[in-house]
Amino acid sequence: MRFMITMIPGGYEKAARGKVPDLKSCEVMMKYNFALQRAGVLLALDGLHPPSISARVSFAGGKPVVTDGPFAEAKEAIGGYWIIEVKSKEEAIEWAKRCPGSENEVLEIRPMLEIADFPEDVQKALVAGHTELEEQAAQQAGA
């Protein structure tokens, strides 16, 4: 099972341009990242710049509308993420508990949608003619 763990630092929704963690915080977090990598569960990770330099695309009336950050209505913002592959939600939670987060940070653990999560007719329609996806769906069905 794949999970995305997102880091939600308190106040990041209002962080200024160029806000990045200090060296000590980075060193501590890299130890955690390397532990995930050594265990063979890490698929991807990245930190994200604050919303002050981001943009949103909404689809009012079916047409794209671009809004530049910061976003006044934002109550929290994602500061980074990890994508891990583990056997269960419980294992994902155990990895999240090992993260060296501060009392100002929250981690959210969400399972990622897999092709096997869709009804069989939808799976077949989605992967038809896409060899790589057909193979992935067959592997997930056998798991």
Among (i) 0.95; (ii) 1.02; (iii) 1.04, the entry derived from the coordinates for Rg/Rh (Cα atoms, Kirkwood Rh)
(iii)
Between PHE59 and ALA138, how many nm apart are label points set 7 Å from Cα along the C-beta direction?
3.3 nm
Karplus-derived 3J(HN,Hα) from phi for the range 89-95 (6.51 cos²θ - 1.76 cosθ + 1.60, θ = phi - 60°), whole Hz, x at Gly and Pro, runs 4, 4, 5, 4, 4, 4, 5
Result: in the chain the number of Lys pairs with C-alpha under 19 Å apart, spaced 8 or more or on different chains, is 5
How big is the charge dipole of the chain about its Cα centre, in debye rounded to the nearest 20, if each Lys and Arg gets +1 on its Cβ and each Asp and Glu gets -1 on its Cβ?
520 debye
Hydrodynamic calc, the range 1-64: Kirkwood Rh from Cα pairs, then Stokes-Einstein at 20 °C with viscosity 1.002 mPa s, so D in µm² s⁻¹ is 146 µm²/s
With every protein chain kept in place and a 1.4 Å probe, the range 12-76 has an accessible area per residue in Å² of 75 Å²
I'd like the Karplus ³J(HN,Hα) series for the range 113-127: coefficients 6.51, -1.76, 1.60, θ = phi - 60°, whole numbers in Hz, and an x wherever there's a Gly or Pro.
5, 10, 4, 5, 6, 8, x, 4, 5, 5, 4, 4, 5, 5, 9
Summarise the accessible area of the range 1-116 (1.4 Å probe, protein heavy atoms) by the percent that is carbon and sulfur.
57 percent
Among TYR81, GLY40, VAL106, flag the residue with its Cα farthest along the positive direction of the charge dipole of the range 29-109, charges on Cβ as +1 for Lys/Arg and -1 for Asp/Glu.
GLY40
Dipole axis of the chain (+1 Lys, Arg; -1 Asp, Glu on Cβ), positive-most option in VAL66, PHE3, VAL28
VAL28
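The values are calculated or read from the model by the stated rules, or taken from the named source; none is laboratory data. Keep in mind that this is a model prediction, so the values were computed, not measured. Note that each Cβ is placed from the backbone with ideal geometry, even for glycine, and that neighbours are counted across all protein chains shown. Heavy atoms of the whole protein, side chains included, go into the accessibility calculation; ligands, DNA and RNA do not. Shrake-Rupley method; radii C 1.70, N 1.55, O 1.52, S 1.80 Å.
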